[in-house]
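The values are calculated or read from the model by the stated rules, or taken from the named source; none is laboratory data. All of these numbers come straight from a predicted model, not from anything done at the bench. FYI the Cβ positions are ideal-geometry reconstructions off the backbone, even for glycines, and counts take in every protein chain you see.
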Amino acid sequence: MKTIKIFPGILLSLAIAFVATFLESLLPIHVIGAAVIAMFIGMFLNYFLKNTTIFNSGIKFTSKRILKFAIILLGLSLNITTILNVGKMSLIVMIFTLLTCFGGGYFIGKALGLNWKMSNLISAGTGICGGSAIAAISGVIDAEDTDIAYAMSATFLFDMAMIILFPLMGQAIGMTDQAFGLWAGTAVNDTSSVVATGYAFSEGAGDFATMVKLTRTLTIIPTVVTFAFINLRLKRKQAVKSGANAAELKANFSIKKIFPWFILGFLLMSAVASVFAVPAEIVSTTKSISKFLMVAALAAIGLNTSFSSMKKEGIRPMIHGFIISALVVIVAFVVEFAMGLI
């Protein structure tokens, strides 16, 4: 009986994902991804379904369990050996951009009065890989759906601008394919936006930008683990303040309980792709399934988020996203210049 209850919500999320994927395919260039489209469709439907309980269990299952399964499948598209070869060049740039995102993001979030979860989700989306990073980290810090929606919105708005502006700036500066690919791969947020931006400059830049972006995606692993432990520490601290005893702390806040086990699945899939010659067709199919399930998960998050709840934070999260994204673009360019690549 419990299993049957989750089907309506799952089917609704999958239906929205189908519609969002179709709408994305109609766009002549990638301006807005299916995940963002699905999230906004879900938020629109939330207004009509907020008093309906039949979908609740399935929506929760899709936004939590199916999302983690999608992230595990994503690992098969990441050949660690190949990515690390490109990573040798991009590592220094990525270190500086990640420090900018999480270091600068912390202070900017504080100044704007944002809660730490929303602030770090925006930073993760900007510094790592857009929706995938936001989705992965939200699962280990118990983020509200509103926080996720804001983080997705903040990163996608900047991506829309960068797809148009980046190639124009690169051509005006006279960047090489490799320099532009490294710049786009480390500074543009979402993977599909990086691909669109890179190939808008040249085929060589697109190929290199894609590999750099996949290298960034690997930083999901240490970032998710780090935030899982930060969240555990904060929970323990709060429990101690509430008067919990040692036995209760051990039962409710143990490392075994809080560790993001789905990241081990992600690593295992990456290891398989790195050690074995997995056929390209299987990798492509798995990646497509992963992307589609992630779109469904974002649809579920949208279904659980109302526009009215997002109004409470106002424009502050968008300002946070814009400042961090702009800083990353500048820092990535300066580091490349210092390395003599520009």
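Please verify whether SER25 is polar (S, T, N, Q), outside any loop (DSSP other than H, G, I, E, B) and over 23 Å from the mean Cα position of the chain (by Cα), treating the condition exactly as stated.
no
The rows are residues; the columns are (1) at pLDDT 85 or above; (2) surrounded by 12 or more Cβ atoms within 10 Å (Cβ to Cβ); (3) over 23 Å from the mean Cα position of the chain (by Cα); (4) in a loop (DSSP other than H, G, I, E, B).
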| residue | (1), (2), (3), (4) |
| --- | --- |
| ALA247 | no, no, yes, no |
| LYS257 | no, no, yes, no |
| VAL278 | no, yes, yes, yes |
| GLU281 | yes, no, yes, no |
| ALA296 | yes, yes, no, no |
| ALA300 | yes, yes, no, no |
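Does the stretch 223-230 contain at least one residue that is at pLDDT below 80 and more than 30 Å from VAL19 (Cα to Cα)?
The initial filter retains those residues of the stretch 223-230 that are at pLDDT below 80, namely none.
No - not one qualifying residue is present in the stretch 223-230.
Of the residues LEU11, LEU74, which single one is surrounded by 15 or more Cβ atoms within 10 Å (Cβ to Cβ), of a type in the set (A, V, I, L, M, F, W, C) and either at pLDDT 85 or above or on the phi < 0 side of the Ramachandran plot (or both)? Step through it out loud before you land on a result.
Details: LEU11 fails: surrounded by 15 or more Cβ atoms within 10 Å (Cβ to Cβ).
Of the residues listed, the single one that is surrounded by 15 or more Cβ atoms within 10 Å (Cβ to Cβ), of a type in the set (A, V, I, L, M, F, W, C) and either at pLDDT 85 or above or on the phi < 0 side of the Ramachandran plot (or both) is LEU74.
Filter the stretch 175-190 for residues that are of a type in the set (Ser, Thr, Tyr) and surrounded by fewer than 23 Cβ atoms within 10 Å (Cβ to Cβ) and give the result. Explain how you work it out, then say what you get.
Of all residues in the stretch 175-190, those of a type in the set (Ser, Thr, Tyr) come to 176, 186.
THR176 - this is the single residue of the stretch 175-190 that is of a type in the set (Ser, Thr, Tyr) and surrounded by fewer than 23 Cβ atoms within 10 Å (Cβ to Cβ).
Determine whether the stretch 101-112 contains at least one residue that is surrounded by fewer than 22 Cβ atoms within 10 Å (Cβ to Cβ) and in contact with a Lys or Arg (Cβ under 7 Å, 6 or more places away or on another chain).
Within the stretch 101-112, one or more residues are surrounded by fewer than 22 Cβ atoms within 10 Å (Cβ to Cβ) and in contact with a Lys or Arg (Cβ under 7 Å, 6 or more places away or on another chain).
Which residue, of SER138, SER123, SER119, SER132, is under 30 Å from LYS5 (Cβ atoms), buried (at least 24 other Cβ atoms within 10 Å of the Cβ) and among the polar types (S, T, N, Q)? If you could, list the steps in order and put the result at the bottom.
Values: SER123 fails: under 30 Å from LYS5 (Cβ atoms); SER119 fails: under 30 Å from LYS5 (Cβ atoms); SER132 fails: buried (at least 24 other Cβ atoms within 10 Å of the Cβ).
Step by step, each of SER138, SER123, SER119, SER132 is checked, and only SER138 is under 30 Å from LYS5 (Cβ atoms), buried (at least 24 other Cβ atoms within 10 Å of the Cβ) and among the polar types (S, T, N, Q).
Can you spot a residue in the stretch 62-70 that is in contact (Cβ under 8 Å) with a residue 12 or more places away in the chain, over 19 Å from THR223 (Cα atoms) and either of a type outside the set (A, V, I, L, M) or buried (at least 23 other Cβ atoms within 10 Å of the Cβ) (or both)?
Checking the stretch 62-70: at least one residue is in contact (Cβ under 8 Å) with a residue 12 or more places away in the chain, over 19 Å from THR223 (Cα atoms) and either of a type outside the set (A, V, I, L, M) or buried (at least 23 other Cβ atoms within 10 Å of the Cβ) (or both).
So which residues in the stretch 311-342 are surrounded by 17 or more Cβ atoms within 10 Å (Cβ to Cβ), at pLDDT 85 or above and among the β-branched types (Val, Ile, Thr), if there are any at all?
Correct list: ILE323, ILE324, VAL328, VAL329, VAL331, VAL335.
Just to be sure before I move on: is LYS235 modelled with pLDDT under 80 and either closer than 20 Å to ALA135 by Cβ or surrounded by 14 or more Cβ atoms within 10 Å (Cβ to Cβ) (or both) in the structure I sent?
yes
Being free of Cβ contacts under 8 Å to residues at least 60 places away in the same chain and surrounded by fewer than 17 Cβ atoms within 10 Å (Cβ to Cβ) is the filter here; which residues of the stretch 145-174 pass it?
If the condition is that a residue be free of Cβ contacts under 8 Å to residues at least 60 places away in the same chain and surrounded by fewer than 17 Cβ atoms within 10 Å (Cβ to Cβ), then ALA161, ILE164, LEU165, LEU168, MET169, GLN171, ALA172, GLY174 are the ones that fit.
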